[in-house]
Every structure is written in structure tokens, then in C-alpha cells.
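Asker: For reference, the structure I am asking about is given below.
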Amino acid sequence: MKLDSVIPWGRTRDEYRRMFNLTESDEQKRILGVGDGPASFNAEMQQLGHSVVSIDPIYRFSAGEIATRIEQTYDTVISQLKANAEHYNWTDFRDADEVGIQRMEAMRQFLADYESGKQNGRYQTESLPETSFSDQSFDLALCSHLLFLYSAHLSEDFHLQAVRELLRLAAEVRIFPVIDLTNQPSAFVDTVLAECRQNGHQAELIKVAYHFQKNGDQMLCIRR
């Protein structure tokens, strides 16, 4: 992985709560954040005394390197949002510039927390479909904007292996969204659902309170 291929983009605890229907009880659990990147979720949860471990291959880089990459890519991301505005619901955000302001605030919170968080193990350089954690190290695994969204880049087999790994790590797995980059339902959702149910897990699509991408208001919830 090279940093010049990464587009860092961070979301907030409030967005995580809505993307994953997180309750106060959920936030008391041992949480694994998968592909968190420069989100402020971990930092905000730490301030509230909650336990979150975030994993992402981007964590092999320093705070300074990630900050530089954010600066390099920010204008491009905002331009793409403006060019594709019809693919989004503008109820939570007034426009692309407001999205950018909130994302930058989240990423600044992440950067301020990052180095100390790495030292105490809250940010770890791991990636799917295989990690080094022990079985059932967590109560709840949250996978944001990775599986299903990148169906054109990650194969069906990758998705199946990744979900098996997440279920090895946690008693419950939540994945958001279940659409791909074209805002259409991922072709892999039915396959993942079928395998999970065949293996005796409870798996269902659940409507959530977060709906920025059009058609993107559902998560997949899997319980062992």
C-alpha cells in the first residue's frame, strides 16, 4: 500500500451512531472499527471512556504523512462531491462545502489523537481478510464504507472471507452501507446473507438513521 493511492476521509461519532444504529448500551461494548481511516470516532469514544480499537492499513503512516495526504486530496474530493451532487441527499448537509468542513474537523480530531492512540493500541495496522487478533476479542465489529461499497474492487470471495474473519473476532458484525459506488445494492449482499444463515448466524438488513448516499440507508447486521 502506498499513501499516494489513499484518499483519507473521516467521519464523526455522530455519523457512526446513525450509520450503525448504535445505542448507549452498544457503546459500552468492546468495539472494533474496521477501515476507520482518519475518522474521529475512536478519539471521541476515548474521551467518553469507551473502548474502541480501529484497524486500517493507513495506520502504518505517521500523523504528518496522513495530514499531508489529506491536504493533497481534499480539493479533489470536494470537487467530485459537487460534480456528483445528484447522487446524494442534502438533508444533513447544506452542500459539498459543508460536508468538507465537517470532515476536516473530524480528521483534525483524529490527527490530534492519532500518535497517542497508536502507542496505546487503539490504532493498529491490520486489514481484512485476515487479522492477528484472537478469537472473540471484541463484542461488536463495525465496518464502515469498505465491504460492499467497493464491490468493483474487492471480489465476492474477499467479502466472504472478510465476514468470516469479523465473525471470528466479534459476536456481532455491522456493515454499512450495503450499496456499491454506483448507489446500487451490492451484488454480494445476497451471497453473504445466504452463507451466514447457512452457518447458523442471524443476518438481516436493517434500516438506519443515516442516509447521505442515495439508496444507502441500510446496514447488514450479523449475530453469531
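The values are calculated or read from the model by the stated rules, or taken from the named source; none is laboratory data. Just so it is clear, the model here is predicted, and its values are computed rather than measured. Heads up, the Cβs are rebuilt from the backbone with ideal geometry, glycines too, and the neighbour counts pull from every protein chain shown.
Asker: Kindly list, by first and then second residue, each pair from a residue in segment 79-95 that is exposed (fewer than 15 other Cβ atoms within 10 Å of the Cβ) and modelled with pLDDT of 95 or more to a residue that is among the basic types (Lys, Arg) and assigned to a loop (DSSP other than H, G, I, E, B), limited to pairs with Cβ atoms under 7 Å and residues at least 6 apart or on different chains.
Answerer: So the pair list comes out as ASN89/LYS214.
Asker: Determine if segment 57-65 includes at least one residue that is touching a Leu at 6+ places or on another chain (Cβ under 6 Å), more than 24 Å from ASP4 (Cα to Cα) and of a type outside the set (Ser, Thr, Tyr).
Answerer: There is no residue in segment 57-65 that is touching a Leu at 6+ places or on another chain (Cβ under 6 Å), more than 24 Å from ASP4 (Cα to Cα) and of a type outside the set (Ser, Thr, Tyr).
Asker: Something else: Of the numbered conditions (1) buried (at least 19 other Cβ atoms within 10 Å of the Cβ); (2) under 23 Å from ALA141 (Cβ atoms); (3) within 17 Å of the chain's Cα centre (by Cα); (4) touching a residue at least 60 places away in the same chain (Cβ under 8 Å), ARG103 satisfies every one except a single condition; which is it?
Answerer: Result: ARG103 fails condition (2) only.
Asker: Are any residues in segment 1-28 more than 24 Å from SER51 (Cβ to Cβ), assigned to a helix (DSSP H, G or I) and either of a type outside the set (S, T, N, Q) or touching an Asp or Glu at 6+ places or on another chain (Cβ under 8 Å) (or both), and if so, which ones?
Answerer: Within segment 1-28, LEU3, ASP4 qualify.
Asker: Among VAL77, VAL53, VAL99, which is part of a strand (DSSP E or B) and in contact with a helix residue (DSSP H, G or I) (Cβ under 9 Å, 6 or more places away or on another chain)? Give the steps one after another, and end with the answer.
Answerer: Working: VAL77 fails: part of a strand (DSSP E or B); VAL99 fails: part of a strand (DSSP E or B).
That would be VAL53, the only listed residue that is part of a strand (DSSP E or B) and in contact with a helix residue (DSSP H, G or I) (Cβ under 9 Å, 6 or more places away or on another chain).
Asker: Further question on the same structure: Considering segment 110-161 alone, what residues qualify as being among the acidic types (Asp, Glu), outside any helix (DSSP H, G or I) and touching a residue at least 40 places away in the same chain (Cβ under 8 Å)? Spell out how you get there, then give the answer.
Answerer: Going residue by residue through segment 110-161, those that are among the acidic types (Asp, Glu) are 113, 115, 126, 130, 135, 139, 156-157.
Now drop any that are not outside any helix (DSSP H, G or I), which leaves 126, 130, 135, 139.
Selection gives GLU126, ASP139.
Asker: State all residues of segment 168-224 that are of a type in the set (S, T, N, Q) and not in a loop (DSSP other than H, G, I, E, B); if no residue qualifies, say none. Reasoning before the result, please.
Answerer: Taking segment 168-224 and keeping what is of a type in the set (S, T, N, Q), we get 182-184, 186, 191, 198-199, 202, 213, 215, 218.
Listed by number, the residues that qualify are THR191, GLN198, GLN202, GLN213, GLN218.
Asker: Filter segment 153-198 down to the residues that are among the small types (Gly, Ala, Ser), more than 30 Å from ALA85 (Cα to Cα) and out of contact with any Cys (no Cβ under 9 Å at 6 or more places or on another chain), then identify the one that is surrounded by the most Cβ atoms within 10 Å (Cβ to Cβ).
Answerer: In the first step, residues of segment 153-198 are kept if they are among the small types (Gly, Ala, Ser); the result is 155, 162, 170-171, 186-187, 194.
Still in the running and more than 30 Å from ALA85 (Cα to Cα): 162, 170-171, 194.
Filter again for out of contact with any Cys (no Cβ under 9 Å at 6 or more places or on another chain), leaving 170-171, 194.
Values: ALA170: 26, ALA171: 15, ALA194: 11.
Checked segment 153-198; the qualifying residue surrounded by the most Cβ atoms within 10 Å (Cβ to Cβ) is ALA170.
Asker: Can you name every residue in segment 62-100 that is under 19 Å from the mean Cα position of the chain (by Cα) and aromatic (Phe, Trp, Tyr)?
Answerer: Once the filter is applied, which keeps residues that are under 19 Å from the mean Cα position of the chain (by Cα) and aromatic (Phe, Trp, Tyr), segment 62-100 yields TYR74, TYR88.
Asker: Next question, about the same structure. Within segment 22-44, work out how many residues are over 13 Å from ARG11 (Cβ atoms) and surrounded by fewer than 24 Cβ atoms within 10 Å (Cβ to Cβ).
Answerer: So the count comes out to 8.
Asker: If you don't mind, there's one more thing I want to ask. For segment 199-216, give me each residue that is more than 19 Å from LEU169 (Cα to Cα) and without any contact (Cβ under 8 Å) to a residue 12 or more places away in the chain.
Answerer: Across segment 199-216, the qualifying residue is only LYS207.
Asker: Taking the options VAL34, VAL52, VAL6, name whichever one is out of contact with any Cys (no Cβ under 6 Å at 6 or more places or on another chain) and at pLDDT 95 or above. Before you say what the answer is, go through the steps one by one.
Answerer: On the way: VAL34 fails: out of contact with any Cys (no Cβ under 6 Å at 6 or more places or on another chain); VAL6 fails: at pLDDT 95 or above.
Only one candidate qualifies: VAL52.
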